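None of the figures in this text is laboratory data; all of them are computed from the coordinates on show. Since the model is a prediction, treat every value here as computed from it, not as a measurement. Methodologically, a virtual Cβ is constructed for each residue, glycine included, from the backbone with ideal geometry; neighbour enumeration extends over all protein chains shown.
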Amino acid sequence: MEGRPRPRRAPLRAGAAVGLLALAAAACGTTAAPRAQPAQAGRPAATTGPAPRQAGTGRFTVVDIPIRSWRRLPPSPPVRLEIPAIGVSARLVRLGLGPDGRMQVPGDFQAAGWFTGAAEPGQLGPAVVAGHVDSRTGPAVFYRLRDLHPGDLVRVVRADRRVVRFVVESLARYPKPDLPGDQVYGPTTAPALRLITCAGTFDRERRSYRDNLVVSATIAAEPQPGAAGR
Amino acid sequence: MLHRRLAAVILAAVVAIGLVVLPGAAAGAQDEALVRVAHFAPGLLKGDVYVVYVNGRLQLKGVPFKTVSDYLKVKPGRFQVEVRKSGQPASSTPVIAATVRLEAGRAYTVAVFGQLTSVKAMLLDDDVSRPGSGKSKVRLIQALPGDQAVDLAAGGDVLFAGAKFPSASDYLEVQAGRVEVEVRKAGSGDVLAPARAVNLPKGAVSSLVVVGGIGEKLELLDIRDSVASAAAPAGGVATGAGGTASTGGRRFATLFLLGLGVVALIGFVLAQQRSSG
């Protein structure tokens, strides 16, 4: 730090340190076309470029990249699941693989289970949580999972007391033999959460529901503390 | 003052990218493209602030040095990328402009590389698909300004050789696990960044990035591009015992039998009337 003379008092001074920027075309057929042609509204319509694209919209949507990124969140196992929209507040047990290669399920019908073979909720990748829709006598922890809608909030409390927030993106139902591994366990580019329970008709001979309901959620955007400072 | 310092350190290089973000959260990954911004340019720490517009619309900003933004889902197509200094009106002449084509079902990184007198950005193709079973995928991004080509050795063997600035290698599929990696001068054993352990887990895709220079220490970043579940259970999940299904089932059966009874009764009464009449 010492050897680096950095102007602390005037960080936004429009220095001349960086001159040319060149967007080099790398792979994937990019056509680099360095040019200095203003293409925005506010210029006379006589510009040679395409018509001002902002015309008609007149507004910008600004998305700040979160500084408090999930990438800085150290790992910690989940202990609790809360879904306010459907009144779920349940402890999380750990689930592994059974001897038949299938995911274990919670022994307690009012608890949900976190599959330890996938990501911890809040870490990059799909975290998988399974819970029963019912017991032999009545509704269980995920009975109302089917009532969730895109946009609903899911909270996971970790062992370190920190809370990771997810937003529901979609619900999908699959016959159990056709549960698509890629949709549930496949790669994600942000922390994701899959909530799994049973659905469809109940096969009395097998004592099992025919379908699985999968709720997919993605980590919620964090508020941006740094952006407030000027 | 604190705010200013924060701004200086964290927001010194604001790279913003404007994109047409898909309304809502359509799930189908096949009809959207993913794009993110990476800041690997030590030269941008000196106080200049840039913004990037794409198609003159949305802005993404605030990527600190040595980090990547989250991926944005965008509608595939051609994007007009323009870079301006912060505070300059959108009508001003951009310092750089280019057209990029983002294709459906693919992922990209707009990576900013830099040195004091010039900053470059590259559009990198990210392969975020699942590695083979028990494997991990990794690539090398060389962001150390200058002429020094580097080798990356993993477990003593050179994994990536002769990487020049600025560049990104293809992804290699490797055995998953922890491995000691070190950055060397290309073709020689001279160590530029000492060995450190990097975890390359099953199902993960990573970018190892050589950064530094311009007063910043040379180091190797380990950035995770995507992660799949390390284990994939077979088949469905047995999460129901039928306690709520049976009630409904019984009710249906009762109604069905009741209906059958009513029909039989009516038939019987009609038959009686006919035979008596």
Links exceeding 29 Å between C-alpha atoms in this model, out of A:K176/B:K75; B:K66/B:K135; B:K66/B:K164; B:K66/B:K185, come to A:K176/B:K75
Packing-ranked peptide list from A:178-184, B:132-138, B:32-38, highest mean Cβ count within 10 angstrom first, is B:32-38, B:132-138, A:178-184
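Between beta-carbons, use under 10 Å as the cut-off and find the net charge around A:Y185, counting Lys and Arg +1, Asp and Glu -1.
Local charge sum for A:Y185: +1.
Contour minus end-to-end for A:D203 and A:R80, with contour as 0.36 nm per residue of separation and end-to-end as the Cα-Cα distance?
41.2 nm
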Work out the length of the dipole vector of the stretch A:132-213 about its Cα centre, built from +1 on the beta-carbon of each Lys and Arg and -1 on the beta-carbon of each Asp and Glu, and round it to the nearest 20 debye. 340 debye
Hydrodynamic calc, the stretch A:153-218: Kirkwood Rh from Cα pairs, then Stokes-Einstein at 25 °C with viscosity 0.890 mPa s, so D in µm² s⁻¹ is 184 µm²/s
Within 10 Å of each Cβ in A:117-129, the average number of Cβ atoms from other chains: 4
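Arrange the peptides B:156-167, B:216-227, B:139-150 so that the one whose residues have, on average, the most other Cβ atoms within 10 Å appears first.
Put in order of decreasing packing, that is B:139-150, B:216-227, B:156-167.
In peptide A:182-195, how many Cβ atoms from other protein chains are near each Cβ within 10 Å, on average? Each step should come with its number before you reach the end.
Values: counts 5, 2, 4, 8, 9, 14, 7, 14, 7, 2, 1, 0, 1, 0.
Other-chain Cβ atoms within 10 Å of each residue's Cβ, averaged: 5.
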Using only atoms on other chains, find how many Cβ atoms lie within 10 Å of each Cβ of peptide B:122-128 and report the average. 4
Which order, highest average first, do B:228-240, A:88-100, A:125-137 follow once you tally other Cβ atoms within 10 Å for each residue and take the mean per peptide? A:125-137, B:228-240, A:88-100
If Rh is defined by the Kirkwood formula over all Cα pairs and Rg also comes from Cα, what ratio Rg/Rh do you get for the stretch B:119-256? 1.34
What residue among A:L124, A:P177, A:I86 has its Cα farthest toward the positive end of the dipole of the stretch A:81-219, where the charges are +1 on Lys, Arg and -1 on Asp, Glu, each on the Cβ? A:I86
Can you tell me the equivalent ellipsoid semi-axes for the stretch A:81-219? Use √(5λ) from the Cα gyration tensor, largest first, whole Å. 22, 17, 15
In debye, nearest 20, what is the charge dipole magnitude of the stretch B:127-230 about its Cα centre with +1 on Lys and Arg Cβ and -1 on Asp and Glu Cβ, if you could check? 300 debye
Given Cβ point charges of +1 (Lys, Arg) and -1 (Asp, Glu) and nothing else, what value in debye, to the nearest 20, does the dipole of the stretch A:67-117 about its Cα centre take? 340 debye
Considering amide H positions built from the backbone, and no H for Pro or chain starts, which residues 5 or more places from B:A107, or on another chain, come under 5 Å of its amide H? B:L34, B:D126, B:V128
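Between Rg and the Kirkwood Rh of the stretch B:166-216, both from Cα atoms, what is the Rg to Rh ratio?
Ratio of gyration radius to Kirkwood radius for the stretch B:166-216: 0.98.
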